[in-house]
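In what follows, a structure is listed as structure tokens, so that the remarks can point back to it.
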Amino acid sequence: MEEKTKINTQNPESITYTTEELSFTILGGIKLEGLDRLRVTLKIEVANRKFKHYLNNPDIADLALRQNLDLYNDIQVEKLIRRTAERLEVGSTAIAKAIADITNQLEVYRLQQIERSATASNNKKIILTEDEITEAKEFLSETNLIQRTTVYIGKSGVIGEELNRILMYIIFTSRKLSHPLHIVSLGSSGTGKTHLQEKVSELIPDEDKLEITTLSENAFYYFGQRELSHKLILIEDLDGAINVLFPLRELQSKKRISKTVTFKDTRGITKTITLTVEGPVSVAGCTTKERIYEDNANRSFLIYLDESSEQDNKIMQYQRELAAGLINTDEQEKIKQLLQNTQRVLQNIKIVNPYATQLQLPKEVFKPRRTNKHYLDFIEAITFYHQYQRRWIDINTGEIIYDPQVERSEIPIGAIAKHREEIYIETTIEDIEEANKLMKEILLRKADELSGACRNYFEQLKQWLQTESKSSFTNYEARMALRENHSNQKRYMLQLQLGHFVKQIKQKEKSKTHHYEIVSAEEYKQLKNRIGTVLDEILQQLKTRCPEPVEGVHQSKPVQNKNELTNTSKIKRNKKSSKSSQKDNEDLKNNDTQETEAAE
């Protein structure tokens with residue numbers, strides 16, 4: 001019996017199939033998407049020139065036929081068979097049989113490749129060892145978790161930007177929630193916006209993020225339906241993704257995008273199909289153009305990079321130490337791995353904030369509806385990050401699944417993975433206090449009439465005038481002292497005059513130079529005090545009242561004894577050396593000092 005011919009897929013871009021007379025080559029391979037069609041580019045040529053009719057016709061023997069077609073389209077296949085039979089003088093039955101065999105084998109090969117691709121995608125998820133899980137849980141169970149995380153982010157190689165780096169890390173962590181947060185980094189060119197985003201994103205597992213430099217207009221619609229779900233999307237420069245800003249906004253707001261496209265089936269009939277990509281996603285981007293991307297910025301937290309000379313000195317000193325080999329890069333990699341593992345052990349469970357109805361925003365905040373949602377979602381993200389310090393409660397029964405106060409309790413991760421929607425944790429006053437500390441600067445920017453860049457210029461201008469004991473200034477004097485670009489200064493001064501932050505004063509006789517003075521040097525400090533006062537007063541009221549959870553919110557049953565816990569398997573705890581603990585405490589104190597100085 002004649003042995004069946006098999007396709008040769010050793011080179012996936014040039015798949016071959018050979019019979020006694022003909023050789024078939026599939027140029028460019030096949031696409032794995034769209035199982036309703038099988039488009040190929042076929043090259044058909046003579047395989048065996050020893051046949052008598054080829055010896056008599058050498059021109060036919062050297063002839064090759066190339067055709068692009070859909071192997072599922074009968075009309076196209078029939079035309080190819082007739083054309084090949086006429087050109088190469090081969091029986092149409094043999095050609096039809098060969099093409100049918102090629103089609104069958106390509107179907108099997110494509111399904112194998114799809115399965116292999118899915119397996120490779122699943123293999124990207126890292127399976128942690130017991131020791132790694134224990135270490136990550138212990139880190140998340142530490143007191144002063146936010147401050148400790150800030151220190152560890154610094155040890156991973158992020159220099160300065162203490163407030164911005166922890167804000168960004170918490171927002172990146174929120175990708176696992178049903179309402180993720182988004183962030184846009186703003187600053188002038190060369191201040192390290194992309195570098196900060198890149199370094200903090202290194203602390204997020206690779207399987208949970210998607211880095212983008214540039215995208216075509218419809219690129220987002222061709223991801224798999226759940227491929228972007230709970231992913232972190234990193235955009236190096238919003239200028240490079242300007243074509244996808246609309247679908248990006250829809251993913252942020254509606255948590256899904258859809259697009260209807262047309263296609264032709266195997267019979268040539270035009271039909272429509274709807275492409276749907278589901279979120280939610282957390283989006284991070286960088287830009288120097290705050291006003292241009294206002295629609296995207298309204299949906300995001302805005303952070304402004306530190307452009308002070310102190311930050312310049314910190315970065316340059318780190319660069320020198322790195323070049324001199326004084327930085328322990330191995331320790332940095334270990335810290336990165338630890339923080340990535342903490343992200344992997346965080347479980348996506350429901351958050352309930354029993355204090356939500358008593359929280360208020362300062363009246364000075366612009367666009368309060370959207371900002372209020374950001375504030376509540378940020379508190380939720382803080383609670384989520386502290387989940388190993390909170391009781392895990394069954395919604396239906398009120399039973400405590402996990403209690404961090406009981407030493408022998410352990411979270412049954414497998415059971416929780418199947419019943420996440422039936423388990424919740426509650427926000428505490430401590431979570432709100434942590435959120436308020438980090439949100440004060442964000443709310444201050446949301447309440448400021450000036451853009452971030454203009455505000456930075458204005459505050460530097462105030463400081464320079466105070467240092468020089470000057471009450472008025474000219475544009476030239478300010479530009480030279482602050483080393484500001486002429487076009488930028490012109491834009492800032494126009495904004496300051498329209499907002500009545502500076503005013504033009506009477507010129508000296510025979511002088512064509514315009515002189516200006518600041519209307520109020522204390523306006524920003526007063527705004528900061530008003531916002532801080534509102535948040536502090538509400539927090540103090542919560543601490544004083546210690547109210548019960550709001551009616552209608554699921555309440556947990558009190559723990560009678562340790563036997564009520566559903567799982568009593570003991571967590572292995574590795575005690576840290578006293579030297580390491582002492583070093584961490586010193587870093588925490590230094591970090592608190594830096595934050596206090598920055599706030600002042």
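Could you please let me know if residue 97 is more than 24 Å from residue 240 (Cβ to Cβ), among the basic types (Lys, Arg) and over 26 Å from the mean Cα position of the chain (by Cα)? Considered against the rule, which asks whether it is more than 24 Å from residue 240 (Cβ to Cβ), among the basic types (Lys, Arg) and over 26 Å from the mean Cα position of the chain (by Cα), residue 97 comes out as yes. Determine if region 432-442 includes at least one residue that is more than 26 Å from residue 307 (Cα to Cα), β-branched (Val, Ile, Thr) and open to solvent by less than 20 Å² (accessible area, probe 1.4 Å). Scanning region 432-442 turns up at least one residue that is more than 26 Å from residue 307 (Cα to Cα), β-branched (Val, Ile, Thr) and open to solvent by less than 20 Å² (accessible area, probe 1.4 Å).
Restricting attention to region 31-46, the residues that are under 26 Å from residue 263 (Cβ atoms) and either crowded, with 19+ Cβ neighbours inside 10 Å or modelled with pLDDT under 85 (or both) add up to 10.
The set of residues in region 6-30 that are within 37 Å of the chain's Cα centre (by Cα) and exposed (fewer than 12 other Cβ atoms within 10 Å of the Cβ) comprises 11, 13. Pairs meeting the criteria (first residue in region 369-395 and in a loop (DSSP other than H, G, I, E, B), second residue small (Gly, Ala, Ser), beta carbons under 8 Å, at least 6 apart or on different chains) are 391/556. Is it true that some residue in region 184-198 is assigned to a helix (DSSP H, G or I), touching a Ser or Thr at 6+ places or on another chain (Cβ under 9 Å), open to solvent by 30 Å² or more (accessible area, probe 1.4 Å) and within 27 Å of residue 307 (Cβ to Cβ)? Within region 184-198, one or more residues are assigned to a helix (DSSP H, G or I), touching a Ser or Thr at 6+ places or on another chain (Cβ under 9 Å), open to solvent by 30 Å² or more (accessible area, probe 1.4 Å) and within 27 Å of residue 307 (Cβ to Cβ).
Within region 454-471, the presence of a residue that is surrounded by 14 or more Cβ atoms within 10 Å (Cβ to Cβ) and among the β-branched types (Val, Ile, Thr) is excluded. Count of region 100-127 residues, restricted to those that are at pLDDT 85 or above, within 40 Å of the chain's Cα centre (by Cα) and β-branched (Val, Ile, Thr), is 1.
In this structure, residue 154 qualifies as open to solvent by 10 Å² or more (accessible area, probe 1.4 Å) and either part of a helix (DSSP H, G or I) or modelled with pLDDT of 90 or more (or both). If only residues of region 219-257 that are in contact with a helix residue (DSSP H, G or I) (Cβ under 8 Å, 6 or more places away or on another chain) and either part of a loop (DSSP other than H, G, I, E, B) or open to solvent by 60 Å² or more (accessible area, probe 1.4 Å) (or both) are counted, the one that is modelled with the lowest pLDDT is 237. Between 425, 416, 411, the distinction of being surrounded by 19 or more Cβ atoms within 10 Å (Cβ to Cβ) and either at pLDDT below 85 or part of a helix (DSSP H, G or I) (or both) belongs to 411 only. The residue that is farthest from residue 433 (Cα to Cα), counting only those in region 359-372 that are open to solvent by less than 50 Å² (accessible area, probe 1.4 Å) and in contact with a Lys or Arg (Cβ under 9 Å, 6 or more places away or on another chain), is 365.
The values are calculated or read from the model by the stated rules, or taken from the named source; none is laboratory data. This one's a predicted model, so the numbers in the text were calculated from it and none came from an experiment. We place every Cβ from the backbone using ideal geometry, glycine too, and count neighbours over all the protein chains shown. Just so you know, the surface numbers come from the protein's heavy atoms only, side chains and all, with ligands and any DNA or RNA stripped out. Shrake-Rupley method; radii C 1.70, N 1.55, O 1.52, S 1.80 Å.
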